[in-house]
Amino acid sequence: MKRPWNRVDLPVYSISSTFQTEENMHICTYVSSISMTPKRMMVAIYKGTKTLEITTKNSTMILQLLSEKQYNLINLLGQHSGFTTNKVERLKKRNLIKSWKKFSVLKDALSYIELNTIDRIDAGDHILHICDVLSFCNNLPGEPLTLDLLRKKKLIRG
């Protein structure tokens with residue numbers, strides 16, 4: 001039987017972050033709405049990542065809800081370091097990127113949420129970003145990518 005925290009299926013997101021000429025994308029599953037008014041979300045970013053470095057320099061980021069059709073991006077976005085791999089350039093070469101709010105975003109993501117970090121909390125191996133929602137866009141219809149689908153495709157354990 002799964003551990004209690006793995007029993008509930010979760011959606012899979014990607015964070016797009018940018019600062020000056022640096023940009024990165026990162027897989028993120030520890031995400032939750034935390035306030036209706038004002039609209040706020042919590043995003044946990046793993047320590048030691050390029051995304052954490054960039055979001056420390058620029059408090060604005062784009063949270064992208066991935067489509068179940070985007071499971072093939074998990075290897076690049078979740079298992080390669082932004083310090084050694086230019087993920088956005090690789091995605092541009094595959095014609096998978098467009099611009100939204102001056103950020104590179106995935107063309108086929110279901111939605112985009114523009115977030116601004118108002119607080120950070122050290123939570124162990126992740127830093128929690130408490131964010132105001134600045135704007136959003138429902139980009140495409142479809143079903144979200146979930147952890148259960150990644151398990152079925154044997155892309156993650158559990």
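Any read-out appearing in this document is the output of simple, stated calculations on the displayed coordinates, not a laboratory observation. What you see is a predicted model; the values in this text were computed from it and never measured. Here Cβ is always computed from backbone atoms with ideal geometry, including for glycine, and neighbour counts include all displayed protein chains.
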task: Please compute the Cα-Cα pair-distance distribution of segment 4-152 with 5 Å bins starting at 0, giving whole percents from short to long.
output: 2, 10, 20, 24, 23, 15, 5, 1, 0
query: Which residues does a label at MET1 reach in segment 125-158, if reach means a backbone N under 19 Å from a point 7 Å past the Cα toward the Cβ?
result: 158
- prompt: If we count every other residue with Cβ under 11 angstrom of ILE45's Cβ, Lys/Arg +1 and Asp/Glu -1, where does the sum land?
  reply: +1
query: Over segment 18-106, what is the mean sequence separation of C-alpha contacts under 8 Å (at least six apart), divided by residue count, expressed as relative contact order in percent?
result: 31
query: If you build a Gaussian network model of the chain, linking Cα atoms that sit under 10 Å apart, which residue out of PRO141, PRO11, PRO38 swings the most?
result: PRO38
query: Summing +1 for each Lys or Arg and -1 for each Asp or Glu, what net charge is found among the other residues whose Cβ lies under 12 Å from the Cβ of CYS131?
result: 0
- request: Give the relative contact order (percent, whole number) for segment 4-152; include only Cα pairs under 8 Å separated by 6+ residues.
  value: 30
field: Summed side-chain charge close to PHE103 - residues other than PHE103 whose Cβ falls under 9 Å, Lys, Arg +1, Asp, Glu -1
entry: 0
Pairwise centroid distance, computed over Cα atoms, of segment 63-85 with segment 1-62, Å: 12
Candidates THR117, THR60, THR84, ranked by Gaussian network fluctuation over the chain, Cα under 10 Å, top entry: THR84
field: Theoretical FRET efficiency, 1/(1+(r/R0)^6), r = Cβ-Cβ of GLN20 and ASP122, R0 25 Å, to 0.05
entry: 0.45
message: Rounded to the nearest 20 debye, what is the charge dipole size of the chain about its Cα centre when +1 sits on each Lys and Arg Cβ and -1 on each Asp and Glu Cβ?
response: 540
message: Need one word for segment 1-76: rounded, prolate or oblate. Basis is the Cα gyration tensor (sqrt eigenvalues a ≥ b ≥ c); a/c below 1.5 gives rounded, then a/b vs b/c decides.
response: oblate
statement: Violations at 19 Å Cα threshold for listed pairs LYS39/LYS107; LYS47/LYS98; LYS98/LYS154; LYS69/LYS152 -> LYS39/LYS107; LYS47/LYS98; LYS98/LYS154
- line: Charge dipole of segment 31-158 built from unit charges on the beta carbon (Lys, Arg +1; Asp, Glu -1), centred at mean Cα; most positive-end Cα among PRO144, ASN75, LEU128 is ASN75
message: Need one number: nm distance between label points at LYS69 and SER99, each 7 Å from Cα along Cα→Cβ, rounded to one decimal.
response: 2.5
